[in-house]
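The values are calculated or read from the model by the stated rules, or taken from the named source; none is laboratory data. This one's a predicted model, so the numbers in the text were calculated from it and none came from an experiment. Positions of Cβ are generated from backbone atoms using ideal geometry, with glycine treated the same way; all protein chains shown enter the neighbour counts.
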Amino acid sequence: MNLEFLSDWLAMGGHGRYVWGAVLAVLLALGIESALLTRRRRRALRDAVDALDAEAGA
Amino acid sequence: MPTFLTRYASPRSADPLAARLVPWFATLGALLLVAGLVVGLVLAPTDHQQGESYRILYVHVPAAWLAMVCYLAMAFWAAVGLVLNARLSFMMLRALAPSAALLAFLCLWTGALWGKPTWGTWWVWDARLTAVLLLFFLDLGILTLQAAIDDERRGDRAGALLALVGLVNLPVIHWSVQWWNTLHQGASISLGKAPTLAGPMLLGLLLCTAGLWLHVAATVLRRLRCILREREALDEAPVTRPAVSWRPQPVAESAA
């Protein structure tokens, strides 16, 4: 890929910080939301297994 | 009532269904979103009026549409929950609320980033922008109500009531650009009218919207499964024992 083309594309006609700020904010937010959900699911599963183990032990 | 509705109204039936749908929605959503961003950011032509800054449209418009769709879905589940007193409906409301709030925030954030190069300001107290800000506050209010009330059933009902009251804001958002003289532009795509966007622009927008839609559906279903686990753990035995445990397993004793 031509470096000049890449640089022009990233600059977005002088509006690069606005365009990339918007795109990266959305992708980052979706990624963080997914990561938090994964952590929450693991915690919920761990609690469920603990509850089963406690039940089995009682 | 149709059998398929009653079958999946039970949390025990909804959990396996959600588990089956999530990988499909997540994978397809990611693929469509990437394809939409490639079309929108690389292949679509430059706008003759706004130049390159119009490309914010590919994340702003899907976020705005989905923020409204999520709120509409919240109001639907709130009404079903209040009328039928169905637990799963309130769980759906809880699963939707964080995504709705995030999408409304992203709509405002990307809108501000689009407003600066286009209007020369990050924010203006325009009817459309103010109504979307109100939508964001409504989402936060529902989340806060649900979290603040210790009794989950009461928290569910309070959140559902607020979701229904806030429904009046959706037509205001949609028609604000027609009812008032606003700085915000009118709709580029609407039912019954030919779109004003060029072909590749429209394709990128539709791909991004479909991708984000599927991603949000997967996220909401994943959150629903978490809520099901958390609530089932509180009420009774878990829905199903997880197939895989991440805790260290005891080493099996040797035969000797």
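Per the conditions (1) surrounded by 15 or more Cβ atoms within 10 Å (Cβ to Cβ); (2) modelled with pLDDT of 85 or more, the sole criterion not satisfied by A:Ile32 is (1). B:Ala101 meets all of the listed conditions (1) aliphatic (A, V, I, L, M); (2) surrounded by fewer than 24 Cβ atoms within 10 Å (Cβ to Cβ); (3) in a helix (DSSP H, G or I); (4) away from chain A (no Cβ under 12 Å) but one, namely (4).
When each of A:Ala35, A:Ala56 is tested for being over 18 Å from B:Leu37 (Cβ atoms), under 15 Å from the mean Cα position of the chain (by Cα) and either aromatic (Phe, Trp, Tyr) or more than 10 Å from chain B (Cβ to nearest Cβ) (or both), the lone residue that passes is A:Ala35.
Pairing residues of the range A:12-29 that are facing another protein chain (nearest Cβ under 7 Å) and in contact (Cβ under 8 Å) with a residue 60 or more places away in the chain with residues that are in a helix (DSSP H, G or I) and aromatic (Phe, Trp, Tyr), at Cβ distances under 7 Å and at least 6 apart in sequence or on separate chains, gives no pairs at all.
Can you find a residue that is over 21 Å from B:Ala64 (Cα atoms) and touching a Lys or Arg at 6+ places or on another chain (Cβ under 7 Å) anywhere in the range B:116-137? No, the range B:116-137 has no match at all. Among the residues here, B:Tyr58 does not qualify as over 18 Å from the mean Cα position of the chain (by Cα) and under 19 Å from B:Thr196 (Cβ atoms).
Quick check, is B:Leu82 out of contact with any strand residue (DSSP E or B) (no Cβ under 6 Å at 6 or more places or on another chain), more than 13 Å from chain A (Cβ to nearest Cβ), surrounded by fewer than 20 Cβ atoms within 10 Å (Cβ to Cβ) and closer than 20 Å to B:Glu152 by Cα? Against the criterion (out of contact with any strand residue (DSSP E or B) (no Cβ under 6 Å at 6 or more places or on another chain), more than 13 Å from chain A (Cβ to nearest Cβ), surrounded by fewer than 20 Cβ atoms within 10 Å (Cβ to Cβ) and closer than 20 Å to B:Glu152 by Cα), B:Leu82 qualifies. Elements of the type helices (runs of 4 or more DSSP H) sitting completely within the range B:152-256 and holding at least 1 residues that are within 14 Å of another protein chain (Cβ to nearest Cβ) and modelled with pLDDT under 80: these cover B:199-235. Filtering the range B:42-78 to residues that are within 12 Å of A:His15 (Cβ to Cβ) and of a type outside the set (Asp, Glu) leaves B:Thr46, B:Gln50, B:Gly51, B:Ser53, B:Tyr54, B:Arg55, B:Ile56.
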